[in-house]
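A short worksheet on the structure shown next.
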Amino acid sequence: MTHYFSFPLDNSLQATIDNLLVEHTQGKYVAPAVSTQMAIGTTDGVIKALALDVIDILKSGGEGAGILGVLASLLKGTMHMLIKQIMGKVDQGEQDKLAGYLGRRRVVVNGETRFGFVMPDAVGARFEELLGRIAAGKLDNTRQELTAAMTDFIEIAVKNFYDEFTDSLDLGMIKRKMVDVGRGTIIKGSQSATGKLFAGMHDEDLQKVAGLYAKMFVKA
């Protein structure tokens with residue numbers, strides 16, 4: 001069995017990615033604007049899964065929704081601006097590497113095509129045990145443990161979603177500096193939000209959020 005972090009993308013976006021990957025194996029390349037569209041679309045998918053869908057659960061819960069709202073705005077603003085600045089003509093060599101990235105992020109979990117990556121076994125098992133405990137109503141110390149687990153997960157997610165994406169592009173010194181600054185902004189903002197998110201969360205909301213996470217942190 002393999003541990004994954006994954007979630008379904010919008011059906012239209014997934015179909016576009018699938019078609020792009022098939023055509024790439026046939027030696028076909030897309031217009032640079034399509035590559036930019038894919039980058040923005042998948043970025044928004046990650047933000048939706050990790051922030052906006054949680055906000056939907058907490059929309060009557062005040063502080064937690066506000067914390068994630070600020071984070072979602074920060075992530076979307078940072079990434080949209082960065083993508084537009086670093087993605088130029090996207091030549092064929094870059095498209096080859098971007099197709100590799102999209103292919104690695106395309107995972108099939110229990111028969112469903114998703115966007116995500118394979119988790120290290122120890123990290124996946126940690127989430128499985130912790131989320132299972134929360135689902136069972138055993139909540140002692142779980143806020144602190146979930147905060148710690150999600151803080152560690154941020155580094156893994158950034159490596160798979162951010163580093164692998166930006167490493168697919170041929171960047172000069174100035175654009176590489178933009179990428180480094182953007183990475184720092186994302187990690188700092190995400191860790192700050194995670195440090196505040198679970199501490200004051202009501203038991204019911206904590207269990208609902210853990211239930212959502214359990215659909216993304218899966219073993220198959």
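The values are calculated or read from the model by the stated rules, or taken from the named source; none is laboratory data. Model, not experiment: these values are computed from the prediction. Neighbour counts are summed over all protein chains in view; Cβ atoms, including those assigned to glycine, are modelled from backbone coordinates with ideal geometry. SASA here: full protein model, heavy atoms, side chains in, ligands and nucleic acids out. Shrake-Rupley method; radii C 1.70, N 1.55, O 1.52, S 1.80 Å.
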Using protein chains only and a probe of 1.4 angstrom, how many square angstrom of R183 are accessible, to the nearest 10? 70
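How much of the DSSP beta bridge set in the chain is antiparallel, as a percent to the nearest 5?
Values: 11 of 11 bridges.
The antiparallel proportion sits near 100 percent.
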Which of the lysines could a cross-linker span from K84 if the Cα-Cα distance has to be under 29 Å and same-chain partners fewer than 8 positions apart are dropped? K28, K48, K76, K97, K159, K175, K177, K188
Sequence of Y101, Y4 from largest to smallest accessible area, 1.4 Å probe: Y4, Y101
Test of understanding: what is the full-extension gain from I156 to S73, defined as 0.36 nm times their sequence separation minus their Cα-Cα distance? 27.8 nm
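Using C-alpha positions alone, give me the convex hull volume of the chain per residue in cubic angstrom. If you can, show how the numbers build up before the last one.
Working: hull volume 25.6 nm³, N = 220.
Once divided by residue count, the hull of the chain is 116 Å³.
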Placing +1 on the Cβ of each Lys and Arg and -1 on the Cβ of each Asp and Glu in the chain, which of H3, L68, I86 has its Cα farthest towards the positive end of the resulting dipole? I86
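So for the chain, averaging the separation of alpha carbon pairs under 8 Å that are six or more residues apart and normalising by length, what relative contact order in percent results?
On the way: 217 pairs, mean separation 81.7, N = 220.
Relative contact order, the chain: 37 percent.
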Which of the listed residues, I154, G182, A193, is farthest toward the dipole's positive end in region 104-220, when Lys, Arg count +1 and Asp, Glu count -1 at the beta-carbon? G182
Tell me the label-point distance for the pair T185, Q26, using the 7 Å Cα-to-Cβ offset, in nm and rounded to one decimal. 3.9
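Work out how much length T2 to K215 would gain on full extension: take 0.36 nm times their residue separation and subtract the Cα-Cα distance, in nm to one decimal.
Numbers: separation 213, 0.36 × 213 = 76.68 nm, distance 1.44 nm.
Working it through step by step, the gained length comes to 75.2 nm.
Shape call for region 32-147 from the C-alpha gyration tensor, a ≥ b ≥ c root eigenvalues: rounded (a/c under 1.5), prolate (a/b greater than b/c) or oblate?
Oblate is the answer for region 32-147, as a/c is 1.5 or above yet b/c matches or exceeds a/b.
From largest accessible area down, sort I17, I40; use a 1.4 Å probe on the protein chains. Kindly include the intermediate steps, with their values, before the conclusion.
Working: I17 5, I40 35 Å².
Sorted by accessible area, descending: I40, I17.
For region 146-203, with all protein chains present and a 1.4 Å probe, just round the carbon and sulfur fraction of the accessible area to a whole percent. Intermediate values should be presented prior to the final figure.
Values: 1620 of 2770 Å².
The C+S portion of the solvent-accessible surface of region 146-203 is 59 percent.
Rounded to two decimals, what is the ratio between the C-alpha radius of gyration of region 137-190 and 2.2 N^0.38 Å?
Values: Rg = 15.3 Å, N = 54, 2.2 N^0.38 = 10.0 Å.
Region 137-190 yields a ratio of 1.53.
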Quick one: what are the phi-derived ³J(HN,Hα) couplings along region 72-82, Karplus 6.51/-1.76/1.60 with θ = phi - 60°, whole Hz, x for glycine and proline? 4, 5, 4, 5, 5, x, 5, 6, 4, 5, 5
Students often forget the sequence filter, so: which aspartates and glutamates lie under 13 Å Cα-Cα from K208 once same-chain residues fewer than 8 apart are removed? D53, D56
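Work out the length of the dipole vector of region 37-94 about its Cα centre, built from +1 on the beta-carbon of each Lys and Arg and -1 on the beta-carbon of each Asp and Glu, and round it to the nearest 20 debye.
For region 37-94, the charge dipole is close to 140 debye.
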Estimated FRET transfer efficiency when R0 is 22 angstrom, pair N11-K97 (beta carbons, to 0.05): 0.25
Listed residues T16, L139, V30: farthest to the positive end of the dipole of the chain (Cβ charges): V30
Any idea of I154's accessible area? Nearest 10 Å², probe 1.4 Å. 20
So, with +1 on the Cβ of K and R and -1 on the Cβ of D and E, and no other charges, what is the size of the charge dipole of region 162-220 about its Cα centre, to the nearest 20 debye? 120
Roughly how many nanometres apart are two label points built 7 Å out from the Cα toward the Cβ at K84 and A122? 4.2
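Size of the dipole of the chain about the Cα centre, Lys and Arg at +1 and Asp and Glu at -1 on the beta carbon, nothing else charged, in debye to 20? All intermediate terms of the calculation are to be shown ahead of the outcome.
On the way: 25 positive and 26 negative charges, 72 e Å.
Here the size comes out at about 340 debye.
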Let me check something: with ligands and nucleic acids excluded, how do E204, E23, E155 order by accessible area (1.4 Å probe), largest to smallest? E204, E155, E23
Rounded to the nearest 10 Å², the accessible area of E63 using a 1.4 Å probe with every protein chain kept is 130
